[in-house]
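The values are calculated or read from the model by the stated rules, or taken from the named source; none is laboratory data. Just so it is clear, the structure is predicted and the values come from calculations on it, not from any experiment. Backbone-built Cβ (ideal geometry, glycine too); neighbour counts: all protein chains shown.
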Amino acid sequence: MQAEQKALQIISAFMESEIIDKSKLVTELKKNDLLVKTDDGTYTLRSTSESELMHSRIGALKEAFEKFAYPSGIADRKKPKLLDLCSGMGYNSLAALSCNDETEIHLVEMSRELLFLGSCLPLEIESKEMYDRAVDGFIQNQLSGQLIFHCGDARAIIPELPEKYFDIVFHDGFSPSNDPVLYSVEFLSLLKSRISRDGILISYSSSIPFRKALYDAEFHIGEGPAIGRQRGITIAAIRSDDKRLCSRIPLHDEMLMALATVGTPFRDPGLNSSAMEIFERRNREREVLRNSGNYLTVKKIKNDKIDPSYKKTALEAPDTRTAIGELNKILLTNTKM
């Protein structure tokens with residue numbers, strides 16, 4: 001899934017103009033009801049899915065600060081290295097730079113048009129001038145030392161980046177229920193290999209299969225603040241003692257991840273499958289697991305209609321990773337009995 005095609009066509013046409021009038025582009029997108037004003041006064045685009053905007057209605061910039069920049073602790077790092085995945089219009093990078101202007105940022109985005117649009121939007125934030133200059137340089141094929149742009153499929157780009165290099169990853173792709181391509185076990189394992197020993201990954205998504213994929217990729221996972229929604233963001237760390245893992249995943253979510261087929265993660269063995277292929281692969285795997293008779297239903301778990309030993313085990317575990325591992329052991333033991 002991506003931004004509305006009509007919007008991309010309009011932006012592309014402006015990019016090819018001899019004289020680029022950025023304010024005129026913004027006016028044109030507004031006129032076509034493609035640019036939507038969010039609650040904090042910043043703008044976002046409509047996507048190809050009628051149910052999704054490119055950002056939350058609470059505010060594109062507010063979301064960038066509260067879901068990504070602040071929980072990452074980027075302000076406290078010395079010359080941090082950030083991987084901004086699915087950087088879109090650049091709000092997350094702008095928030096990161098506002099918190100720490102020494103941040104080296106690698107922006108990974110499929111669409112040059114979205115990157116360009118970010119430089120056109122009016123925004124009163126100190127880091128905006130630096131960002132706009134960097135985008136303009138990228139569009140003109142000029143290099144910028146502090147902001148490095150990578151345009152294309154992240155699955156092909158990430159292998160070209162150095163291992164154990166990034167202190168922080170902002171994972172801001174479209175929701176896995178709409179586009180699971182960047183939420184597979186294999187892709188998250190690839191990302192993990194590029195994160196430093198003290199690094200973390202942050203995502204707005206609280207999806208059960210996504211969190212289970214992070215577990216399978218051997219991250220330590222926790223939950224951050226809930227901004228404009230009921231469920232909190234996901235924080236995945238390399239180290240189990242990372243202080244940014246402020247809260248555990250909720251108990252029922254831990255049990256769903258370990259005991260129900262809804263916890264079946266997305267898989268993309270060759271890192272080249274389409275979204276539909278990834279959905280179908282997961283559906284087939286879930287069907288096999290259901291037919292095995294080993295797994296519990298979501299309804300039973302949510303209504304606490306399960307063996308009390310499961311809940312007791314999860315509550316006694318020191319963290320989410322341990323809880324899921326112990327729950328899996330009990331499930332396998334009960335299956336063999």
Original post:
Hey, residue 131 hits all of (1) surrounded by 22 or more Cβ atoms within 10 Å (Cβ to Cβ); (2) free of Cβ contacts under 8 Å to residues at least 12 places away in the same chain; (3) not acidic (Asp, Glu) but one; which does it fall short on?
Top reply: (2)
Original post:
Taking the stretch 274-283 only, how many residues are under 12 Å from residue 185 (Cβ atoms) and touching a residue at least 40 places away in the same chain (Cβ under 8 Å)?
Top reply: 2
**OP:** Scan the stretch 139-166 and report the pairs whose first residue is in contact (Cβ under 8 Å) with a residue 24 or more places away in the chain and whose second residue is hydroxyl-bearing (Ser, Thr, Tyr) and in a loop (DSSP other than H, G, I, E, B), with Cβ atoms within less than 7 Å and a gap of 6+ or a chain change.
**Re:** 163/193
Subject >> Total residues in the stretch 191-200, condition out of contact with any Phe, Trp or Tyr (no Cβ under 7 Å at 6 or more places or on another chain), of a type outside the set (D, E, K, R) and either under 12 Å from residue 237 (Cβ atoms) or buried (at least 22 other Cβ atoms within 10 Å of the Cβ) (or both) >> reply: 2
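Just give me the residues in the stretch 276-335 being small (Gly, Ala, Ser) and either under 21 Å from residue 211 (Cβ atoms) or part of a helix (DSSP H, G or I) (or both), in sequence order.
Going residue by residue through the stretch 276-335, those that are small (Gly, Ala, Ser) are 292-293, 309, 314, 317, 323, 325.
Once the filter is applied, which keeps residues that are small (Gly, Ala, Ser) and either under 21 Å from residue 211 (Cβ atoms) or part of a helix (DSSP H, G or I) (or both), the stretch 276-335 yields 292, 309, 314, 317, 323, 325.
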Subject >> Residue list for the stretch 266-325, filter: exposed (fewer than 13 other Cβ atoms within 10 Å of the Cβ) and of a type in the set (Lys, Arg) >> reply: 284, 299, 305, 312
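Being buried (at least 16 other Cβ atoms within 10 Å of the Cβ), within 17 Å of the chain's Cα centre (by Cα) and either under 20 Å from residue 178 (Cβ atoms) or at pLDDT 95 or above (or both): is that true of residue 242 here? Working first, answer last.
Working: buried (at least 16 other Cβ atoms within 10 Å of the Cβ): yes; within 17 Å of the chain's Cα centre (by Cα): no; either under 20 Å from residue 178 (Cβ atoms) or at pLDDT 95 or above (or both): yes.
It is false that residue 242 is buried (at least 16 other Cβ atoms within 10 Å of the Cβ), within 17 Å of the chain's Cα centre (by Cα) and either under 20 Å from residue 178 (Cβ atoms) or at pLDDT 95 or above (or both).
Output the residue which, of all residues in the stretch 23-38 that are surrounded by fewer than 16 Cβ atoms within 10 Å (Cβ to Cβ) and touching a residue at least 24 places away in the same chain (Cβ under 8 Å), is nearest to residue 58 (Cα to Cα). Talk me through it step by step, then tell me what you get.
The first filter runs over the stretch 23-38 and keeps only residues surrounded by fewer than 16 Cβ atoms within 10 Å (Cβ to Cβ), leaving 23-24, 27, 30-33, 37.
Right, trim to touching a residue at least 24 places away in the same chain (Cβ under 8 Å) and you get 23, 32.
Values: 23: 24, 32: 22 Å.
Among them, the one singled out is 32.
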